[in-house]
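Everything on this sheet refers to the single structure shown next.
The values are calculated or read from the model by the stated rules, or taken from the named source; none is laboratory data. Everything quoted here is computed from the prediction, not taken from an experiment. Ideal geometry is used to build each Cβ from the backbone, glycine not excepted, and the neighbour counts take in all protein chains shown.
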Amino acid sequence: MPTATETVSAAPLAAKLVKRAKNEDGSALYPDYLPYYDPLEKVDDIGYFEHFDPGHRADPKLPNLLANATRVVELSPHVGTEIEGVQLSQLTSEGLDELALLAAQRGALVFRDQDFINIGFEAQKKIVRHFGPLHIHGWAPHPAAGSAEHMIVYDHKEYVDEPATRDLRVRRSWKGRSPVQWHTDQSPEPQPPGATFIAMLESPAAAGGDTLVSSSVQAFKSLSPRFRKRLEGLTAIHANNDSVAQELKNGENAVMRRRGLVQEHPVVIVHPVTKDKALYVNPVYTKRIVGFDEEESDYLLRFLFDHIAKRQDFQCRVRYEAGTVLVWDQRVTNHSQTLDYPAGDRRHAFRLTPLANKPIPAKIEEDDGECAEDYARVQLDLC
Ligand SMILES: [Fe+2]
């Protein structure tokens, strides 16, 4: 006869496996946030605006942001920090300034069990507007209960009670392709997003639906100094025409609210607050290097896209439960979905996306001694 302890340890895995929250009747946990598409809605360009990054005002010791923090964990050396004990909804204006600074420094910040998801559209927008005017997406859905600035991320197979609860747009848009596509959101905007919020409302039952984040600062730093010099001063064309076409082809509820965007940006940018240099190209939106012949541009971009995708030594992976909020700075990171959970399981989130500064080009410095200061390179005679 097994002892009591052995009986427990032999219990079936299914009984012990942690499951995320689901409604028993299969309905969405957050029906007000179900995706809604208005076929007649149009969105105008926001136009040029002066952007003052709140990170400039931040106290670098982060006393307001971390006042109630109980634990701070780095998810990887170069990107990602998880902060426990802090409610984003309770941060003061100074706390939000410090959030902007830390997001710029660490790329991505994870907060769990956030009442932010329960405070309503207007209170959510008020907090995120601290970082810049909110972007309205050109084709992704809004919440059924209103608020054009909330971008809904939704994947689920079943009709429950309304057609709107069935939406396979996300899965269809990656049909026949890897769903792992590194990008910064909306890089073809003239003033692309900075610190951005994604709030998870409902996750797949067991695991999956994570976000991968890569440091664009370390992506640049990890290149040889001479190659970095070659990249500085270059510009590239970013366009969303492929994404728009894909969306319209595959999305059963897709609408087109806004014209396609084409924009030229520096290949290496400088963060306005930290002054860190970051590689600013991504495989989804960056189309060509200006002034290079097509083959040269393709060759260089392919190398840079591979560099971003392969270098897991400057990536982290963010797992979500309902109530997890990821705040990340798009100017210093690339990210990707995973779409690794069982097809048909519900994943439901919203994104609020503040626009920021016009990308600042990195200046070419003839001999800045960077290589001599890089101990890892000096040690290996790589300067
Ligand atoms: Fe994205």
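Go over the candidates R351, R346 one by one and state the one that is within 30 Å of V18 (Cβ to Cβ), within 14 Å of the ligand (Cβ to nearest atom) and buried (at least 18 other Cβ atoms within 10 Å of the Cβ).
R351
What's the number of the only condition in (1) within 30 Å of Y36 (Cα to Cα); (2) within 16 Å of the ligand (Cβ to nearest atom) that A309 fails to meet?
The single condition A309 does not satisfy is (1).
Select the strands (runs of 3 or more DSSP E) contained entirely in the stretch 1-116, then report the ones holding at least 1 residues which are under 21 Å from the mean Cα position of the chain (by Cα), surrounded by fewer than 20 Cβ atoms within 10 Å (Cβ to Cβ) and of a type in the set (D, E).
71-74, 81-84
In the stretch 117-139, how many residues are touching a helix residue (DSSP H, G or I) at 6+ places or on another chain (Cβ under 8 Å), of a type in the set (G, A, S) and not in a helix (DSSP H, G or I)?
Residues flagged as touching a helix residue (DSSP H, G or I) at 6+ places or on another chain (Cβ under 8 Å), of a type in the set (G, A, S) and not in a helix (DSSP H, G or I) within the stretch 117-139 amount to 1.
Say we look at the stretch 362-381 and pick out the residues that are in contact with an Asp or Glu (Cβ under 8 Å, 6 or more places away or on another chain) and of a type outside the set (D, E, K, R); which of these is farthest from the ligand (Cβ to nearest atom)?
Ranking the qualifying residues of the stretch 362-381, first place goes to I364.
Do you know which residues across the stretch 78-90 are in contact with a helix residue (DSSP H, G or I) (Cβ under 8 Å, 6 or more places away or on another chain) and free of Cβ contacts under 8 Å to residues at least 60 places away in the same chain?
T81, Q87, S89
Given D340, D345, which one is in a loop (DSSP other than H, G, I, E, B) and either within 19 Å of the chain's Cα centre (by Cα) or aliphatic (A, V, I, L, M) (or both)?
D340 is the lone residue from the list that is in a loop (DSSP other than H, G, I, E, B) and either within 19 Å of the chain's Cα centre (by Cα) or aliphatic (A, V, I, L, M) (or both).
List the pairs whose first member sits in the stretch 362-383 and is within 18 Å of V268 (Cα to Cα) and part of a loop (DSSP other than H, G, I, E, B), whose second member is among the hydrophobic types (A, V, I, L, M, F, W, C) and modelled with pLDDT of 85 or more, and whose Cβ atoms are under 7 Å apart, counting only residues at least 6 apart or on separate chains?
So the pair list comes out as A362/V268; A362/I269; A362/V270.
Hey, could you check the stretch 149-171 for residues that are modelled with pLDDT of 75 or more and of a type in the set (D, E, K, R) and say which is surrounded by the fewest Cβ atoms within 10 Å (Cβ to Cβ)?
Looking at residues that are modelled with pLDDT of 75 or more and of a type in the set (D, E, K, R), I get K157.
Restricting to the stretch 195-215, name every residue that is within 14 Å of the ligand (Cβ to nearest atom) and either of a type outside the set (A, V, I, L, M) or surrounded by fewer than 24 Cβ atoms within 10 Å (Cβ to Cβ) (or both).
Passing the criteria: T196, F197, I198, G209, D210, T211, L212, S214.
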